[in-house]
Every structure is written in C-alpha cells, then in structure tokens.
Amino acid sequence: MTTMLEYRGYLGSIEYSDDDEVLHGRLEFIRDLVIYEGDDAKSLKAAFQEAVDDYLALCEAEDRTPDVPLKGSFNVRPGRDLHRRAMLCAKRRGINLNTVVSDALRRYLEHDEHTV
C-alpha cells in the first residue's frame, strides 16, 4: 500500500477526511503550502500531479525558485556525549563528522528495512 505520492521529485501525503468523505493531501518536505483533494485514488493522484505542475508554474511566473524537498541536509542534536563520541570516532578514522553520521544512518536504515 502506498502512503505517499511522488511526481517530478515532489512527495505528497494521502489522508482521508471522514467528515467530508474526500481524500486529500499536501506536498511534504517543503515550506510552501500546496494542498490537493480528490473523491477517489485516481482523482487524488491527478489532483496531486496538477498541484505540483501548478506550483512549479506559479514559481516560474513569480520568478522565484521553488522549494525542493529533502535537499540532503538536516540538523542533528545528539546530545553532548554522543556528539563527543562521534567526533572522536571521526578523528580516529581520519574522516569528517558528516561521514560518520551518514554511515551510521545508512547502516541503521538498511537494518531497519530488513526487519520490516
């Protein structure tokens, strides 16, 4: 079962409103608010794709750069002890802290994907 829609590099949520009896969603992982809705899966997907196209066209018309989801960087606040341990690990291995964190995250996600 798909819980996210993907089109042109954008990801969209899938929600159901029991009150309105419609499917709806928003573009995820961007600062701008872009929403869409549909009566069924097919119309939701079409509305999502139209919302992405409209968002990109609006940005172009306003001569501004559209937000890009998941740009590849985020802040991590592991606490003082974990930060220290990670930094010492990086120093011993002759690599930077970003590489230690990326490697650890990659291993964690690979393990998690195998256990799901």
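What the table below lists for this structure:
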| item | result |
| --- | --- |
| Amide H partners (placed H, <5 Å) of V34, local residues excluded | L27 |
| Calculated FRET efficiency for the pair L33/R77, C-beta based, R₀ 30 Å, to 0.05 | 0.70 |
| Solvent-accessible surface (1.4 angstrom probe) belonging to E21, in square angstrom, nearest 10 | 130 Å² |
| Label zone at D67 (point 7 Å along Cα-to-Cβ), backbone N below 11 Å, segment 29-46 | 29-35 |
| Sites R84 and T3 - FRET efficiency at Förster radius 35 Å, r taken between beta-carbons, to 0.05 | 0.40 |
| Net charge of neighbours whose Cβ lies under 12 Å from the Cβ of R85, counting Lys and Arg as +1 and Asp and Glu as -1 | +3 |
| Computed lengthening from V22 to D54, 0.36 nm per intervening residue step minus Cα-Cα distance | 9.4 nm |
| Per residue accessible area in Å² of segment 60-116, where ligands, DNA and RNA are left out and the probe is 1.4 Å | 94 Å² |
| Along the chain, longest interval not containing exposed trypsin sites (Lys or Arg not before Pro), exposed being DSSP loop plus at most 12 other Cβ atoms within 10 Å | 72-116 |
| Rg in Å to one decimal, and Dmax rounded to a whole Å, for the chain via C-alpha atoms | 19.6, 58 |
| Per-residue [θ]222 nm for the chain (sum of -39500 (n - 2.57) over DSSP H runs n ≥ 4, rounded to 500) | -16000 deg cm²/dmol |
| The chain - charge dipole about Cα centre, Lys and Arg +1 at Cβ, Asp and Glu -1, debye rounded to 20 | 1720 debye |
| Given charges at beta-carbon only (K, R positive; D, E negative), |dipole| of segment 1-65 in Debye | 360 debye |
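The values are calculated or read from the model by the stated rules, or taken from the named source; none is laboratory data. Because the structure is a prediction, the values reported are computed rather than measured. Glycine also receives a Cβ, built like all others from the backbone with ideal geometry; neighbour counts cover every protein chain displayed. To get the accessible areas, we keep the full protein, side chains included, count just its heavy atoms, and leave off ligands, DNA and RNA. Shrake-Rupley method; radii C 1.70, N 1.55, O 1.52, S 1.80 Å.
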